Amino acid sequence: MALWSGRFTDSVSEFTQRFGASLPVDRAMYVQDIAGSKAHARMLSAQGIISSQDAQQIEEGLDRIQRQIEEGEFTFDINDEDIHMSIEKRLIADIGEAGARLHTGRSRNDQVATDTRLFAKERCLHLMRANVQLRRVLTTQARAHADVMLPGYTHLQHAQPVLLAHHLLAYAWMLARDFTRLQAAYDAADVCPLGSAALAGTTYPLDRRATAAELGFSGVTQNSLDAVSDRDFLLDLLYACSVCSMHLSRLAEEVVLWSSSEFGFITLSDAFSTGSSIMPQKKNPDFAELVRGKTGRVVGDLVALLVTMKALPLAYNKDLQEDKEGAIDAARTLEDCLVCMAGMVETMTVNPRAMADQAGKGHLAATDVADYLAKRGLPFRRAHEVVGHLVLLCEQRGCDLADLSLADFQAESPLFEDDIVRELDLQAIVAARTSEGGTAPGAVAAQMVLVEQRLSSD
Ligand code: ARG
């Protein structure tokens, strides 16, 4: 019999029981549910609403249940609907009257909101830790390859040379912003709804601040209707997960490209590659592809909850039970992806030769050659056109700008002198981009200091 079955005469079918249950999903929140119940019971007793003996029995009973769950000795019954009912029902079976007093001044509506917030806070902390770890690995690789250069791309076409460190640190900045978003999601979850009861508050003299403080919340919610139906904190978490996942997917995509034989910029360790069941030569970047692929599900989890929320009247509606599956899935998936990418980046081998070879192709000096003319008085648009002609000449000859003779240059513009060779040197091109946030070694070193400062404070 369900704990709410007092006003019912017929029992529900097995199908609807299963359909209505959230237990397979929310049993993951047993720790939070027990913590919430213990704090509630302690507060009820401190306020003289239940006796201290009852509170003690409740607390001991809940501790016992937690141990049983952890040791796999607790039998979950789908007929109990959710984790809250499962635990409470067992508590009542175990300790009787005292257990039946636990739910005084509380509803599952404020209970589930509290549990979910505690769960979200914990997930945020885990994700923040994994985020920091991946950033550490990226900065270590950046430091280890401080003078490695590769082509920078726009439209996936060779554009201008950049340092590998600069490229890797771009991801560190994305992850730093993701960290800030996770922190914001943590703060959004960090307000306690317990004491809002079903929707309107309660007649019992609860001490809401005491339970909130005991559970580690920074404050209490201020509107009971909002408190039991607000899932913004999960949306914040899902959004933070989605953006971070998208960043990992971009990194994963580059890993896939860079480890292809066409690029050959990196070699993945065997531990992060798989073979083919038919083609013996294959070494596939499956794990990078999976990180890229899982992003679809994480973003789907965000969209699913947004759509679930969009037309809900106040206050609690059973639709809200659909909130947990996606949030749990997104947080777990993202944490796995962060761990996976950290291992992959840490163990990959960088092939500086292949990067340098590619940097020598595609006329990466073209912008600098145009700037050379512009600095000698030719309007930049004209200079752009002159260099365009030179590139066309190279394409016809099948060579690069650096292979042209001074005579070739001068045939296009008399402004060219023999110091043009300096403009064609890729190291010099990189070194000249000294603007703050640019790719010159000094600018990247300064950037590295900021990335590491941020890492040590996160
Ligand atoms: N299992 C429910 C959920 O996850 C708990 C709250 C149920 N409240 C109710 N009034 N039916 O949302």
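The values are calculated or read from the model by the stated rules, or taken from the named source; none is laboratory data. Here the structure is a predicted model, which means the values were calculated and not measured. When we count neighbours, we look across all protein chains shown, and the Cβ atoms used for this are built from the backbone with ideal geometry, even at glycine.
The helices (runs of 4 or more DSSP H) found wholly in the range 1-115 and carrying at least 1 residues that are outside the structural domain of S196 (by TED's automatic domain parsing) and free of Cβ contacts under 8 Å to residues at least 40 places away in the same chain occupy 14-20, 30-46, 52-70, 83-95, 97-100. Residue count for the range 1-58 satisfying the condition of being of a type in the set (D, E) and surrounded by fewer than 18 Cβ atoms within 10 Å (Cβ to Cβ): 2.
What about A142, is it away from the ligand (no atom under 16 Å from the Cβ), of a type in the set (A, V, I, L, M, F, W, C) and at pLDDT 95 or above? Here the answer is yes, as A142 does meet what is asked. For the range 96-115, filtered to residues that are hydroxyl-bearing (S, T, Y) and within 16 Å of the ligand (Cβ to nearest atom), the residue that is farthest from S52 (Cα to Cα) is T114.
Every condition in (1) in contact with a helix residue (DSSP H, G or I) (Cβ under 8 Å, 6 or more places away or on another chain); (2) closer than 19 Å to Q32 by Cα; (3) away from the ligand (no atom under 16 Å from the Cβ) holds for K89 except the one numbered (3).
I'd like the residue in the range 23-40 that is more than 15 Å from P193 (Cα to Cα) and more than 25 Å from the chain's Cα centre (by Cα) and, out of all such residues, is nearest to the ligand (Cβ to nearest atom). Please lay out each step first, then the result.
As a first pass, look at the range 23-40 and keep what is more than 15 Å from P193 (Cα to Cα): 23-31, 34, 38.
So of that shortlist, the ones also more than 25 Å from the chain's Cα centre (by Cα) come out as 23, 34, 38.
Numbers: L23: 8, I34: 15, K38: 19 Å.
The extreme case among them is L23.
Filter the range 144-165 down to the residues that are part of a helix (DSSP H, G or I) and out of contact with any strand residue (DSSP E or B) (no Cβ under 7 Å at 6 or more places or on another chain) and list them by number.
Kept after step one, since they are part of a helix (DSSP H, G or I), are these residues of the range 144-165: 144, 164-165.
Scanning the range 144-165 gives A144, A165.
If I filter the range 441-450 for residues that are more than 22 Å from A356 (Cα to Cα), surrounded by 14 or more Cβ atoms within 10 Å (Cβ to Cβ), among the polar types (S, T, N, Q) and touching a residue at least 60 places away in the same chain (Cβ under 8 Å), do I get at least one hit? Within the range 441-450, one or more residues are more than 22 Å from A356 (Cα to Cα), surrounded by 14 or more Cβ atoms within 10 Å (Cβ to Cβ), among the polar types (S, T, N, Q) and touching a residue at least 60 places away in the same chain (Cβ under 8 Å).
Would you mind finding the one in G61, G72, G105, G99 that is of a type in the set (G, A, S), touching a Gly at 6+ places or on another chain (Cβ under 9 Å) and at positive phi? Lay out the reasoning, then the answer.
Numbers: G61 fails: at positive phi; G72 fails: touching a Gly at 6+ places or on another chain (Cβ under 9 Å); G99 fails: at positive phi.
So the residue among G61, G72, G105, G99 that is of a type in the set (G, A, S), touching a Gly at 6+ places or on another chain (Cβ under 9 Å) and at positive phi is G105.
Under 19 Å from S37 (Cβ atoms) and of a type outside the set (A, V, I, L, M, F, W, C): is that true of R250 in this structure? The answer is no for R250. If the condition is being in contact with a Ser or Thr (Cβ under 6 Å, 6 or more places away or on another chain), β-branched (V, I, T) and surrounded by fewer than 18 Cβ atoms within 10 Å (Cβ to Cβ), then the range 266-283 contributes only T267.
Here L125, L168 are screened, and the one residue that is buried (at least 18 other Cβ atoms within 10 Å of the Cβ) and either in a strand (DSSP E or B) or not acidic (D, E) (or both) is L168.
Taken residue by residue, the range 116-131 has no member that is within 14 Å of the ligand (Cβ to nearest atom), closer than 29 Å to G219 by Cα and without any contact (Cβ under 8 Å) to a residue 60 or more places away in the chain.
For the range 364-416, which residues satisfy the criterion of being among the small types (G, A, S), assigned to a helix (DSSP H, G or I) and closer than 14 Å to A159 by Cβ? A366, A370, listed by residue number.
Taken over the range 185-206, residues that are touching an Asp or Glu at 6+ places or on another chain (Cβ under 8 Å) and over 9 Å from C124 (Cβ atoms) amount to 7. Taken together, the criteria exclude S413 from residues that are farther than 11 Å from A365 by Cβ and out of contact with any Leu (no Cβ under 9 Å at 6 or more places or on another chain).
D77 meets all of the listed conditions (1) within 16 Å of the ligand (Cβ to nearest atom); (2) surrounded by 15 or more Cβ atoms within 10 Å (Cβ to Cβ); (3) not small (G, A, S) but one, namely (2).
Inspection of the range 178-192 finds a residue satisfying the criterion of being without any contact (Cβ under 8 Å) to a residue 24 or more places away in the chain, of a type in the set (S, T, N, Q) and either outside the structural domain of P441 (by TED's automatic domain parsing) or buried (at least 22 other Cβ atoms within 10 Å of the Cβ) (or both).
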